[in-house]
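K.L.:
This is the structure I want to talk about, given as structure tokens.
The values are calculated or read from the model by the stated rules, or taken from the named source; none is laboratory data. In this text, all values refer to a predicted model and were calculated from it rather than measured experimentally. As a convention, Cβ positions derive from the backbone with ideal geometry for all residues, glycine included, and neighbour counts pool all protein chains shown.
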Amino acid sequence: MREVGIDLVTVGVFSWAALEPSPGEFDFDWLKENLDLLASHDIGADLATATASPPPWMAHLHPETLPRGADGTTLWPGGRQAFCPSSPVFRRYALRLCTQMAQRFASHPSLRMWHVSNELGCHNALCYCDTSADAFRAWLEQRYGDVAQLNAAWGTSFWSQRYRSFDEVLPPRTVTAACNPTQQMDFRRFSSDASLANFTAERDVLHALSPGIPVTTNFMVSEHVKELDYHRWAREVDVVANDHYMTGENAEGHRELAFCSDLVRGLADGGPWLLMETAASAVNWQPRNIAKQPGELLRNSMQHIARGADGVLFFQWRASRFGSERHHAALLPHAGTESRTWREVMELGRVLERLREVVGSRTDNQAAILFDYECWWAVGLDSLPSCDVTYLDQPHAFHRALTDLGVGVDVIHPDQDFSNYRLIIAPTLYTLTDETASRLQAAACGGATVVATYFSAITDKSEHVRPGGYGAALKALVGLSVEEWYPLREHERLAISGGMSSSVWSERVRLDGAEVIFRFADGPVQGEPAVTRHGLGSGAGWYVASRLDQEHLGTLVARIADEAQVRRLGPGSPGLELTERLDGARRWLFAVNHTSDPMALPIEGHDLVTDQPFLGTVKGGGVAVVRY
Ligand code: GLA
């Protein structure tokens, strides 16, 4: 570990069965030995509370702690994380272990950080058992006060669903027909809170018994996980930490990585964060597990650092020979140190050592994309107009368009501060509060350019359709509302004036002050507006009524970014990813070349990767970090 420059190691994540072999009997000696070894080599520990996966004795003694699926299926031990997040029995045992860990190791010299549980909610976020049902009812009572309020919010006059008391309410278990949408949304909110409560309960123990040591848990911000509302979670951790694994089959996976890292920085309120886990090469849990290409390990790691991470950790140190993850990549692979992976790990260690000066620096971007986990949940409900409208699609598409222009982007929640931004993208903000709508309008009046897309401002937080035309809450901003939707057939394509094309969606808008920029050239609303602009104060509100092909969205975004006078970090070539971190007057430009060709970058400064003056070219597949 010292040879590669490792200075922080996560220890003990799935060790409950080894630390507490029988209920109440603890064995910490082996862990102490390992922590002593780390300390003697000046390596810090991100010490897990080890409560991520209860030992088999828990289910044996307390089968009621096992989680259940929506159809009542019990999820048995044999995998990991087989516990109901709302189980008071699980909580009692978990807090006992957490307390023992804190008492035993709070003053160990290796301890740098506490790691509560692990990826809370990874496999058990949505539990439908009777314990969860009780907790859900209590949560609803807290939210609504009395059942009449719940009936109003859930619209239970529809389909004879009126409840006489909270006792009759259930989680959205497998049902005969489409389940009540507000019930589904509330269950998601409740479930995210239930897993979060397991974090805060352990955190409070650790704060009390181990003062001054930061407490975190690893988030799973990626395209794979939508169950946890991390904007609520981020307020509770001392350090924002994320786990990110790419979809190996996606040749453009680095774009999803870039989006996620910007979202994690948003969770950290623009400040630095920690990449708690990623893979040195292939994972083992996708259908085809694609190994990283030469150089990809460095490029991906640098993308995280470029977008605000102050450190990069990997699952796992040494490839295991048994268990479910025996085929998962590791820093030290089965092949040993005579391997490409090891050589690249050594190189990464050297580069990270030279990047120490970047630690603590921030970003100063002028463009933002709004992102809301609740919208992700809502756009994923059943009984919507088209299964082809998916939530991540437009945030990813706009992020890609801006990144290809060399524009640095923040990904933030609609409640976060807009005042830094010249350009704000509000894509598919399906559920929207009046407050967000008026803050967006105020931002435009104050000079910002705001872009909203189709399927925005459709419902309120109770999943009730807003009256007055779709998107009416944004009317003052974009100068239109939407009269009717015309989702397209699978693979159907539309022509739009200006030589553009689109798919998935079209709609008939009702102009109220907006100027038409492009029109639908064919399809169900031929001749009607497809892209509009509404001048407002010293800014503007744009509206995009269809899913433009990426190339054409790129052209449109370039025009809008120019109008908004957003700063570009460089020439803006797709494939050369540019981002900037800064600290007072010191600035570092990160350039990651995802192509195999050398790319020109007209900037002068010192390249921390080569530790040489930067010569104006980033080599094919290479990375430069230029202090300038
Ligand atoms: C998660 C877990 C790790 C490991 C990896 C595999 O991130 O935290 O323990 O299972 O996935 O990719």
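K.L.:
Can you run down the residue pairs with Cβ atoms below 7 Å, 6 or more apart or on separate chains, where the first is in region 243-260 and under 20 Å from A309 (Cα atoms) and the partner is part of a helix (DSSP H, G or I) and within 15 Å of the ligand (Cβ to nearest atom)?
P.N.:
H244/L257; H244/C260; M246/G253; M246/L257; H254/N300; L257/N300
K.L.:
Being in contact with a helix residue (DSSP H, G or I) (Cβ under 7 Å, 6 or more places away or on another chain), closer than 21 Å to P214 by Cα, more than 16 Å from the ligand (Cβ to nearest atom) and small (G, A, S) narrows it down to one of A45, A50, A39, A59, so name that one.
P.N.:
A45
Table: residues versus (1) aromatic (F, W, Y); (2) under 20 Å from A397 (Cα atoms); (3) within 12 Å of the ligand (Cβ to nearest atom); (4) at pLDDT below 95.
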residue	(1), (2), (3), (4)
E296	no, no, no, no
Q303	no, yes, no, no
G311	no, no, no, no
F314	yes, no, yes, no
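K.L.:
Another one. Which one of these does R354 not meet: (1) within 17 Å of W588 (Cβ to Cβ); (2) buried (at least 20 other Cβ atoms within 10 Å of the Cβ)?
P.N.:
All conditions pass for R354, except number (2).
K.L.:
If I filter region 12-29 down to residues being under 26 Å from the mean Cα position of the chain (by Cα) and buried (at least 19 other Cβ atoms within 10 Å of the Cβ), which single residue comes out as farthest from the ligand (Cβ to nearest atom)?
P.N.:
Of all residues in region 12-29, those under 26 Å from the mean Cα position of the chain (by Cα) come to 12-14.
Okay, now just the ones that are also buried (at least 19 other Cβ atoms within 10 Å of the Cβ), so 12-13.
Values: G12: 12, V13: 6 Å.
Looking at the filtered set, the residue picked out is G12.
K.L.:
When residues of region 1-45 are filtered for being within 23 Å of N242 (Cα to Cα) and of a type in the set (F, W, Y), how many remain?
P.N.:
Looking only at that region, the number is 2.
K.L.:
Can I ask one more? Can you give me the number of residues within region 271-282 that are over 16 Å from A258 (Cβ atoms), crowded, with 20+ Cβ neighbours inside 10 Å and within 16 Å of the ligand (Cβ to nearest atom)?
P.N.:
Counting residues in region 271-282 that are over 16 Å from A258 (Cβ atoms), crowded, with 20+ Cβ neighbours inside 10 Å and within 16 Å of the ligand (Cβ to nearest atom) gives 6.
K.L.:
Name the helices (runs of 4 or more DSSP H) wholly inside region 146-233 in which the number of residues that are in contact with a Leu (Cβ under 8 Å, 6 or more places away or on another chain) is 2 or more.
P.N.:
The qualifying helices (runs of 4 or more DSSP H) are 181-209, 230-233.
K.L.:
Exactly one condition in (1) polar (S, T, N, Q); (2) assigned to a loop (DSSP other than H, G, I, E, B); (3) surrounded by fewer than 19 Cβ atoms within 10 Å (Cβ to Cβ) is false for Q81; which is it?
P.N.:
Unmet condition: (3).
Residues are listed down the side, and each one gets a yes or a no for (1) in contact with a Pro (Cβ under 8 Å, 6 or more places away or on another chain); (2) farther than 17 Å from C129 by Cβ; (3) within 16 Å of the ligand (Cβ to nearest atom); (4) in contact (Cβ under 8 Å) with a residue 12 or more places away in the chain:
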position: T176; (1), (2), (3), (4): no, yes, no, no
position: F187; (1), (2), (3), (4): yes, no, no, yes
position: S191; (1), (2), (3), (4): yes, no, no, yes
position: T200; (1), (2), (3), (4): no, yes, no, yes
position: D204; (1), (2), (3), (4): no, yes, no, no
position: H207; (1), (2), (3), (4): no, yes, no, no
position: G212; (1), (2), (3), (4): no, yes, no, no
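K.L.:
Only one of (1) closer than 24 Å to I517 by Cβ; (2) surrounded by fewer than 22 Cβ atoms within 10 Å (Cβ to Cβ); (3) touching a residue at least 60 places away in the same chain (Cβ under 8 Å) is not met by G539, so which one is it?
P.N.:
Every condition holds for G539 apart from (2).
K.L.:
Still on this structure, please answer the following. Check T341, T363 and return the single one that is within 16 Å of the ligand (Cβ to nearest atom), hydroxyl-bearing (S, T, Y) and crowded, with 18+ Cβ neighbours inside 10 Å.
P.N.:
When all the criteria are applied, what remains is T341.
K.L.:
For region 321-338, how many residues are away from the ligand (no atom under 13 Å from the Cβ) and of a type outside the set (D, E, K, R)?
P.N.:
The total comes to 8.
K.L.:
Looking at V264, is it more than 14 Å from the ligand (Cβ to nearest atom), of a type in the set (A, V, I, L, M), part of a loop (DSSP other than H, G, I, E, B) and in contact with a Leu (Cβ under 9 Å, 6 or more places away or on another chain)? Give the derivation first.
P.N.:
On the way: more than 14 Å from the ligand (Cβ to nearest atom): yes; of a type in the set (A, V, I, L, M): yes; part of a loop (DSSP other than H, G, I, E, B): no; in contact with a Leu (Cβ under 9 Å, 6 or more places away or on another chain): yes.
For V264, the condition - more than 14 Å from the ligand (Cβ to nearest atom), of a type in the set (A, V, I, L, M), part of a loop (DSSP other than H, G, I, E, B) and in contact with a Leu (Cβ under 9 Å, 6 or more places away or on another chain) - is not met.
K.L.:
Here is a further query. Name the pairs whose Cβ atoms lie under 6 Å apart, with the first residue in region 394-411 and closer than 17 Å to H304 by Cα, the second basic (K, R) and outside any helix (DSSP H, G or I), and 6 or more positions between them or separate chains?
P.N.:
Sorted first by the residue in region 394-411, then by its partner, the pairs are G406/R568; V407/R568.
K.L.:
With the checklist (1) over 20 Å from V225 (Cα atoms); (2) surrounded by 19 or more Cβ atoms within 10 Å (Cβ to Cβ); (3) acidic (D, E) in hand, flag the one item D134 doesn't pass.
P.N.:
The single condition D134 does not satisfy is (2).
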